[in-house]
Amino acid sequence: MTNCKSVHENLFTFLDKELPSTLMQELDKHVEECAGCARLLSEFRSVMVLIEDQKSIEPRPFAETRILQGIESRLEKRQKSASPVFTRILQPVLISAGVLTALAIGYIIGSDVAGTHSPYSENIEMTETVRSDLNVPEFMADDIIYFTE
Amino acid sequence: MTDQELITGIIKRDKPAIEFLVRKYNKQVIKTAFHLLQNMDDAEDLAQDVYVEIIESVKHFKGAATLTTWIYRLTVNKSLNFIRKNKRKQLVKNFESFFRNTDGSRSHTFPEPAANDNSLDDKERRHILENAVNSLPENQKTAFILNKYEELAYKEIAEIMNLSLASVESLLHRAKQNLQKKLIVHFSEYSNKK
């Protein structure tokens, strides 16, 4: 027995004619006799018409042009925002590394030069010469005098 | 231009290929975004996002689905993300307006019946329909829009939403049932107000 509940449960499928033919006929008959269901079905028909209207919606005029311009500017922005990784981070790092390398090379070269021409090295050579000239014996362990109380 | 030629052109960032892409898919992207977002300005903005995403990630497109399906999927995903972000913003707005004693949820209120009129006009009916569709769970709403507004077959919807055919059938059945219930409540409330 078809009642209001079965109409309420099958409004979309009834309007889409997706129900078995016997149920379709029963619902049809009920709607003819029930004013409430008839009104509801009429509202749902209007809703279906609205959905149909919405299907035919079109993009606004010049939407393509606006969208293409938008795409271009977004891609440009992304390219620009990608470059600061180099300019903000990599560039300073590379410059700092270069300066440090230059300093290190300078230090190494500097210490090499200092090592060959140091005034201290000359003094050592002179001391050795004087020692050999005077024939002073090498410092011996036995010569150590321990001072004790 | 075949899909493969189009993809090659987009990878090279050829301007004619990008223009062809927009001309070919604009209606599909705008319509889908509009039906999900209910706002044409937002739909156009989102379309730009979709195309930029296509341009930047088309090199990863493996051709498991058709280009059309892939673009549908991107549009749906971006639209749903947009809605989620907006919901959060709306929540904050509502919270703020609650303390300012103003109504921040005006767009979701039920429209007042037109005076001296026994039937709903199209504007009111559209508002009721929009609210009812928007109140559906995310996946039911997506399936319903793709099926009813975009007239896509269950198989296509299944591919776009990455679901089985049976899941789509069940989603659509539940969407229709829920929508029916919500619309019946709205229409009854509306006629009671008169």
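None of the figures in this text is laboratory data; all of them are computed from the coordinates on show. All values reported here derive from a predicted model rather than from experimental measurement. Counting neighbours? That spans all protein chains shown, and the Cβs are built from the backbone with ideal geometry, glycine included.
The figures follow:
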read-out	value
Cα centroid of region A:33-82 to Cα centroid of region B:42-61, whole Å	18 Å
Residue mean of other protein chain beta carbons inside 10 Å, B:35-41	1
Integer Hz, Karplus 6.51/-1.76/1.60 couplings in order for region A:4-12, x for Gly and Pro	4, 4, 5, 5, 4, 7, 10, 4, 5
Local electrostatic count, A:Lys77, Cβ distance below 14 Å [Lys/Arg +1, Asp/Glu -1]	-1
Prolate/oblate/rounded call for region A:18-62, Cα gyration tensor, a/c under 1.5 rounded	oblate
Nearest-0.05 FRET efficiency for A:Gln25 and A:Ile89, computed from C-beta distance (R0 56 Å)	0.15
